[in-house]
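The values are calculated or read from the model by the stated rules, or taken from the named source; none is laboratory data. The model shown is predicted, which means the values in this text are computed figures rather than measured ones. With ideal geometry, Cβ positions are generated from the backbone for all residues, glycine too; neighbour counts draw on all protein chains shown. Heavy atoms of the whole protein, side chains included, go into the accessibility calculation; ligands, DNA and RNA do not. Shrake-Rupley method; radii C 1.70, N 1.55, O 1.52, S 1.80 Å.
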Amino acid sequence: MEEKPVLLTKDGLTALEGELEHLVNVRRGEVAERIRQARDFGDIAENAEYTEAKNEQSLVEGRIQTLEVMVRNAVLIEEGAREKGVVAVGAQVRVSSDEGEESYSIVGAAEADPLAGRISNESRLGRALLGHKAGDEVEWTSPIGTSRVKILSVH
């Protein structure tokens, strides 16, 4: 499987490393203890506690693997590396549309949180904004059809 770069801010990388450390050093042990305790209840074939603990172990181990790949392939978004005034990963963009004004941070997919104003460079709007400057009108295909936004500022 080809591993692709994971664009992250410094804070994003720190958060992923913290989550990974917690899962490996805390959660993994907690789940293992739950499995040991559930085994003490008797026949594991009909033991709901054991089944639930094993499922949780699977989820924790899967998340650990995902985080290890993300951290291993992390590429830090450099603040000064992008062209000033041009939308790129790491930029803060203020746009206006028929619905009003909104501000977004353009981040890598791993840090995207649209409800918090952090949109992925791989999202439809994120891709449409990339490379544009303040004053540009950008058309993009949203889930409800074609939309237009005007870029008010880029920082």
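A few remarks follow.
- Selection within the range 128-155 - assigned to a loop (DSSP other than H, G, I, E, B) and either of a type in the set (D, E, K, R) or touching a residue at least 24 places away in the same chain (Cβ under 8 Å) (or both): Leu130, Gly131, His132, Ala134, Asp136, His155
- Within the range 12-39, the set of residues being basic (Lys, Arg) and within 19 Å of Val69 (Cβ to Cβ) comprises Arg27, Arg28.
- Selection over the range 124-155 of residues that are open to solvent by 40 Å² or more (accessible area, probe 1.4 Å) and hydroxyl-bearing (Ser, Thr, Tyr) gives a count of 2.
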